[in-house]
Structure formats: C-alpha cells, structure tokens
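J.: Okay, here's the structure, questions in a sec.
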Amino acid sequence: TGASPLQDGRNCNNWHWTSKDVSKNTKEELIRCLEACTFEPPIALARVKSAEVTGEASINNRKGKIFLIYDLEVKLKWEASDGEGGEACKGSMKLPDVSATMLDDLDCEFTCKSSGGVATAMRKQGVAAVRRCIEEAMLRMQEEVRAEKARPEAEAVAETRPPNATPA
C-alpha cells in the first residue's frame with residue numbers, strides 16, 4: 001500500500017523517507033535558549049556563561065509524517081551568587097544524551113568549584129532549570145516541525161528551512 005516514486009522523481013504524498021540535516025540551526029537555537037535560561041531564588045542571579053552543543057539533528061519525513069530526530073550532547077558553564085556579596089560559585093554541567101527518547105529523563109553530570117548553599121541550590125534547582133530549558137526548547141522545535149506539515153507548502157518548507165529559522 002505504499003507509493004512508488006513518480007517517473008519524474010517526485011516523492012508522491014511524501015510517502016518515502018526523506019531527511020534534511022538541521023543540526024546547525026538546532027544547536028544554535030538550543031544554545032540561545034540555554035543562555036537565556038532563568039533561575040528561581042535563591043539562585044535567581046545564576047546564569048549560563050557559555051553553552052556548547054554537539055551532535056546531529058534532522059527533519060525527517062516518512063509516510064507523510066514530519067518529525068525532528070536529534071541526538072545531542074550539551075555542555076555548559078555557569079556561575080551563581082547569593083546576590084548579597086557573599087557566596088559565589090562556578091561550575092559546569094554536561095548532559096550527554098539529549099534525544100527524544102531521553103528528553104523526560106536527562107542525565108546531568110554536575111561539577112562545582114565550591115560548596116555551600118548556592119552550590120547546593122544549583123545542584124538541585126539549577127540542574128532542574130537547565131533540564132526544563134532543554135526540554136521546552138526541543139519540544140517547541142518539534143511542534144514547529146509538526147506545524148509545517150499543516151501548511152500546504154509543508155514539503156518545500158521542511159526541505160529548505162530548519163526549525164526556528166527566519167522566514168524569507
């Protein structure tokens with residue numbers, strides 16, 4: 001019950017598997033979201049100093065369904081303080097397996113160069129906030145990919161414009 005490609009090479013009704021690499025834009029969007037990540041008190045002054053994302057992401061189409069597949073690793077450096085001129089600390093987080101299958105249970109390797117209340121809050125609340133930022137960004141990008149399918153020009157858009165790219 002499948003469709004074979006037409007003689008002119010078109011993929012009738014998007015039945016056959018197609019894939020478009022969107023790694024660059026997906027990584028850039030995830031970095032942007034991480035650097036804008038906000039934290040709640042007592043670490044409201046915490047910030048992500050830098051973020052690095054490696055791996056692959058692609059928009060895939062099979063049997064007329066469009067979806068985002070990704071397998072990424074996130075590394076970031078953060079700093080936090082209590083805002084009262086007292087305790088300040090720095091550290092890093094590494095999330096080695098950011099993928100659709102692991103999105104609701106992201107492993108995080110946390111390091112901190114000091115101990116104390118702010119460090120403890122970052123280990124608990126900070127890691128949770130970063131996980132939430134990643135999850136929200138990836139789910140938003142997935143929804144944007146699905147929304148493209150609803151448009152009449154979905155096939156052309158999915159092949160030419162990755163998620164979160166500015167329309168021409």
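The values are calculated or read from the model by the stated rules, or taken from the named source; none is laboratory data. Note that the structure is predicted; figures quoted are calculated from it, not measured. Every residue, glycine among them, receives a Cβ derived from its backbone with ideal geometry; neighbour counts consider all protein chains shown. Remember, those area values only see protein heavy atoms, side chains included, never the ligands or the DNA or RNA. Shrake-Rupley method; radii C 1.70, N 1.55, O 1.52, S 1.80 Å.
J.: Say we look at the stretch 129-149 and pick out the residues that are among the aliphatic types (A, V, I, L, M) and open to solvent by 20 Å² or more (accessible area, probe 1.4 Å); which of these is farthest from the chain's Cα centre (by Cα)?
T.: In this case the residue turns out to be ALA147.
J.: Quick check on the stretch 79-95: of everything there that is open to solvent by 30 Å² or more (accessible area, probe 1.4 Å) and part of a strand (DSSP E or B), which residue is nearest to SER58 (Cα to Cα)?
T.: By that ranking, first place goes to LYS94.
J.: Tell me, yes or no, whether the stretch 42-56 has at least one residue that is touching a Gly at 6+ places or on another chain (Cβ under 9 Å) and part of a strand (DSSP E or B).
T.: The answer is no, given that none of the residues of the stretch 42-56 is touching a Gly at 6+ places or on another chain (Cβ under 9 Å) and part of a strand (DSSP E or B).
J.: State the number of residues belonging to the stretch 100-116 that are in a strand (DSSP E or B) and of a type in the set (A, V, I, L, M, F, W, C).
T.: 2
J.: Can you pull out the residues in the stretch 50-63 that are in contact (Cβ under 8 Å) with a residue 40 or more places away in the chain and loosely packed, with under 13 Cβ neighbours inside 10 Å?
T.: Residue satisfying the conditions is LYS63 alone.
J.: Still on this structure, please answer the following. What residue, of LYS20, LYS27, is at pLDDT 95 or above and open to solvent by 20 Å² or more (accessible area, probe 1.4 Å)?
T.: On inspection, the qualifying residue turns out to be LYS27.
J.: Now for a different question. Of the conditions (1) modelled with pLDDT of 95 or more; (2) part of a loop (DSSP other than H, G, I, E, B), ALA128 fails just one. Which one is it?
T.: (2)
J.: Let me ask another. Restricting to the stretch 30-43, give me the number of residues that are surrounded by 15 or more Cβ atoms within 10 Å (Cβ to Cβ) and either at pLDDT below 95 or within 17 Å of CYS89 (Cα to Cα) (or both).
T.: So the answer is 3.
J.: Which of the numbered conditions does VAL74 fail, given that it passes all the others? Conditions: (1) assigned to a strand (DSSP E or B); (2) of a type outside the set (D, E, K, R); (3) touching a residue at least 60 places away in the same chain (Cβ under 8 Å); (4) surrounded by fewer than 14 Cβ atoms within 10 Å (Cβ to Cβ).
T.: (4)
J.: If only one of VAL98, VAL118 is crowded, with 16+ Cβ neighbours inside 10 Å and closer than 27 Å to MET141 by Cβ, which one is it? Steps first, please.
T.: On the way: VAL118 fails: closer than 27 Å to MET141 by Cβ.
Step by step, each of VAL98, VAL118 is checked, and only VAL98 is crowded, with 16+ Cβ neighbours inside 10 Å and closer than 27 Å to MET141 by Cβ.
J.: If you don't mind, there's one more thing I want to ask. Could you check ASP104 against (1) of a type in the set (D, E, K, R); (2) at pLDDT 95 or above; (3) open to solvent by 80 Å² or more (accessible area, probe 1.4 Å) and say which number it fails?
T.: Single failed check for ASP104: (2).
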